[in-house]
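Shown next, in structure tokens, is the structure this report addresses.
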Amino acid sequence: MKKVLSIAGSDCSGGAGIQADLKTFSAHGVYGMSVIVSVVAENTGRVIGIQDISADMIGKQIDAVFEDIEVDAVKVGMLSTPDCMEEAAKAIRTMGCRAVIVKGGHAAGNAVDVLFDGKEICHFDTARIDTKNTHGTGCIFSSAVASQLARGMGIREAVQKAKDYVTMAIEHSLDIGKGCGPTHHFWHLYQYGL
Ligand SMILES: Nc1ncnc2c1ncn2[C@@H]1O[C@H](COP(=O)(O)OP(=O)(O)OP(=O)(O)O)[C@@H](O)[C@H]1O
Ligand SMILES: Cc1ncc(COP(=O)(O)O)c(N)n1
């Protein structure tokens with residue numbers, strides 16, 4: 001089984017952050033691991049508090065994973081301090097960085113994401129879904145890309161599959177909480193079974 005690591009914050013309400021990443025990894029059939037950089041007291045409506053984990057402890061978590069387990073892909077989420085960013089940058093640097101994707105979830109009109117793979121620009125364009133329930137969309141989109149890369153897919157195909165996944169997860173989003181609810185990480189599994 002391919003192994004994917006998320007370096008991100010913890011969302012106690014379960015829709016974003018580490019919790020969303022682990023659900024997304026499981027939905028993609030990869031083994032999920034997590035390095036927690038921050039504990040966030042948040043829900044679908046507001047962020048109440050943020051407790052950052054020390055850079056030393058973040059580094060130790062990363063070392064604990066890498067000294068023992070072969071990691072096929074890394075996804076980085078919320079990084080709330082420059083120290084966290086430095087630890088993550090060191091980890092990413094060891095893997096190389098060949099492509100960049102800019103997400104357009106907050107723009108007006110269609111939901112368009114733009115990928116630059118070092119050679120060509122590629123657009124991923126879907127109709128905007130009219131819903132307030134988009135808590136965690138960025139988390140699950142990037143976790144889905146990391147999962148597909150770990151499974152051996154090329155970058156363009158991985159982004160297309162992740163876009164399809166996040167779009168359907170938003171389409172089947174859950175009305176949980178009073179604010180912006182989470183998406184449905186396992187809609188496909190619940191609809192069609194294993
Ligand atoms: N209402 C929507 N309808 C369709 N797709 C959406 C919608 N909102 C977000 N997306 C898609 O979800 C994915 C995540 O992008 P999004 O911009 O929401 O991430 P984000 O992490 O919230 O962004 P940011 O980091 O700027 O807060 C992208 O593929 C985006 O196009
Ligand atoms: C711990 C944590 N990490 C990230 C996000 C952003 O989520 P998104 O931008 O995907 O909605 C969040 N709300 N909480």
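The values are calculated or read from the model by the stated rules, or taken from the named source; none is laboratory data. All values reported here derive from a predicted model rather than from experimental measurement. Positions of Cβ are backbone-derived with ideal geometry, glycine not excepted, and every protein chain shown enters the neighbour counts. Ligands, DNA and RNA are excluded from the accessible area calculation, which covers all protein heavy atoms including side chains. Shrake-Rupley method; radii C 1.70, N 1.55, O 1.52, S 1.80 Å.
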Express as a percent, rounded to the nearest 5, the fraction of DSSP beta bridges in the chain (both residues included) that run antiparallel. 50 percent
With +1 on each Lys and Arg Cβ and -1 on each Asp and Glu Cβ, how big is the dipole of the chain about its Cα centre, in debye rounded to the nearest 20? 380 debye
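Could you do me a favour and compute the accessible area per residue for the chain, 1.4 Å probe, result in Å²?
Numbers: 10540 Å² over 194 residues.
For the chain, the solvent-accessible area averages 54 Å² per residue.
In debye, nearest 20, what is the charge dipole magnitude of the range 1-106 about its Cα centre with +1 on Lys and Arg Cβ and -1 on Asp and Glu Cβ, if you could check? If you can, show how the numbers build up before the last one.
Working: 10 positive and 13 negative charges, 98 e Å.
Charge dipole, the range 1-106, about its Cα centre: 480 debye, nearest 20.
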If N is the number of residues in the range 96-156, what value comes out of its Cα radius of gyration divided by 2.2 N^0.38 Å? 1.20
Loop GluC sites (Glu not before Pro), the range 101-194 (other Cβ atoms within 10 Å of the site Cβ: 15 or fewer; DSSP): 120
Could you work out how much longer the chain between residue 69 and residue 50 gets when fully extended? Use 0.36 nm per residue separation minus the Cα distance between them, nm to one decimal. 3.9 nm
Tell me the carbon and sulfur percent of the accessible area for the chain, rounded to whole percent, probe radius 1.4 Å. 55 percent
Please identify every one of the trypsin sites (Lys or Arg not before Pro) in the range 1-76 that sits in a loop by DSSP and has no more than 16 other beta carbons within 10 Å of its own beta carbon. 46
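Given axes a ≥ b ≥ c from the Cα gyration tensor, I'd like to know whether the range 11-54 is rounded (a/c under 1.5), prolate (a/b larger than b/c) or oblate. Write out the running numbers ahead of the final one.
Details: a/c = 5.40, a/b = 1.56, b/c = 3.46.
The shape class here is oblate.
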The chain: relative contact order as a whole-number percent, Cα under 8 Å and 6+ apart: 24 percent
With only Lys, Arg, Asp and Glu charged, each at its Cβ (+1 for the first two, -1 for the last two), find how big the charge dipole of the range 81-194 is about the Cα centre; round to the nearest 20 debye. 140 debye
When all alpha-carbon pairs of the range 59-122 are counted, what percent fall beyond 16 Å? 62 percent
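Given the DSSP H assignment, sum -39500 (n - 2.57) over each helix run of at least 4 residues in the chain and divide by its residue total; what's the result at 222 nm in deg cm²/dmol, nearest 500?
Numbers: 6 runs with 72 residues, N = 194.
Mean residue ellipticity at 222 nm (helix-derived): -11500 deg cm²/dmol.
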Once you have the Cα-Cα distance between residue 164 and residue 1, take 0.36 nm times their residue separation minus that, and quote the gain in nm to one decimal. 56.4 nm
Check the straight Cα-Cα distances from residue 132 and name the lysines below 22 Å, setting aside those fewer than 8 residues away within the same chain. 23, 103, 163, 178
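Using the Kirkwood radius built from alpha carbon pairs, what does the Stokes-Einstein equation give as D for the range 3-192 at 10 °C and 1.306 mPa s, in µm² per second?
Details: Rh = 17.0 Å.
After rounding, the answer is 94 µm²/s.
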